[in-house]
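**Q** Below is the structure I would like to discuss, written out as structure tokens.
What follows is calculated from the coordinates using simple rules that are stated; it is not laboratory data. Bear in mind the structure is a predicted one, so any value in this text is a computation, not a measurement. Using ideal geometry, Cβ is built from the backbone for each residue, glycine included, and neighbour counts are taken over all protein chains shown.
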Amino acid sequence: MKSSILRYISLLFLLFFISSCFEESGEFGFAVTQDDGKTDLELDLEKVNEYKMMKEKIIFSPKDTIHYVFKFPLNPLATYSSKDEFSVSLEKESLGFVEIDLKKKFMNTDSNVLQDKFKNLDIGHYVMKISFEGEIIDSVYFDVVPVEGYSLNSAEFNSIENEKDELIRYSR
């Protein structure tokens, strides 16, 4: 009797563990456009059709208009309806992450995605979170770096190169 209960409990624990390991998250896709010099009509007519699906090492420029798409895992209509409102939160790191933008979005039921864009972002480290009724569904981190990027010729690099203390010079 005790061994059958123990087997039953261990089987339940194993099933719970396996099901939690296969919890799928959605996919994020990004595309970039340059809106400098375009008229309002051109901006309204411009439609992004191709997104690069990625979740790591995402880098943008402050001049970029960042178009994103979030594709739900499996069949979202089994979990959500077309009338459900999702929150898309953009947070910037500054002594912790601070929310700088919050948008309410509805799922496009034809393609099972959320999509929108961000523009005029300052240089920094960001996290975008997709949530439903206060529960975070998925998130992605990305960076906005200076237009000129990072260079080994920068003043900071030159000051490190001239540093006399080897510990300080090689620790950076």
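**Q** For GLU135, GLU42, GLU27, what ranking results if the residue with the fewest other Cβ atoms within 10 Å of its Cβ goes first?
**A** GLU135, GLU42, GLU27
**Q** If the limit is 28 Å between Cα atoms, which of LYS38/LYS129; LYS63/LYS83; LYS57/LYS83; LYS57/LYS104 go over it?
**A** Over 28 Å Cα-Cα: LYS38/LYS129; LYS63/LYS83; LYS57/LYS83.
**Q** Then there's this: Can you sort THR79, THR65 by how many other beta carbons sit within 10 Å, fewest first?
**A** Ascending number of Cβ neighbours within 10 Å: THR79, THR65.
**Q** Restricting to DSSP loop positions (anything but H, G, I, E, B) with no more than 11 other Cβ atoms inside 10 Å of their own Cβ, which chymotrypsin sites (Phe, Trp or Tyr not before Pro) remain in the stretch 34-115?
**A** none
**Q** Now, a different point. At 0.36 nm per residue, and after removing the present C-alpha to C-alpha distance, how many nm does the segment from ILE100 to GLU50 gain when stretched out fully?
**A** 15.3 nm
**Q** Dipole size in debye (nearest 20) for the stretch 29-91 around its Cα centre, Lys and Arg Cβ +1, Asp and Glu Cβ -1?
**A** Roughly 380 debye, rounded to the nearest 20.
**Q** How would LEU95, LEU114 line up from fewest to most surrounding beta-carbon atoms within 10 angstrom?
**A** Details: LEU95 5, LEU114 22.
Placing the least packed residue first, the sequence is LEU95, LEU114.
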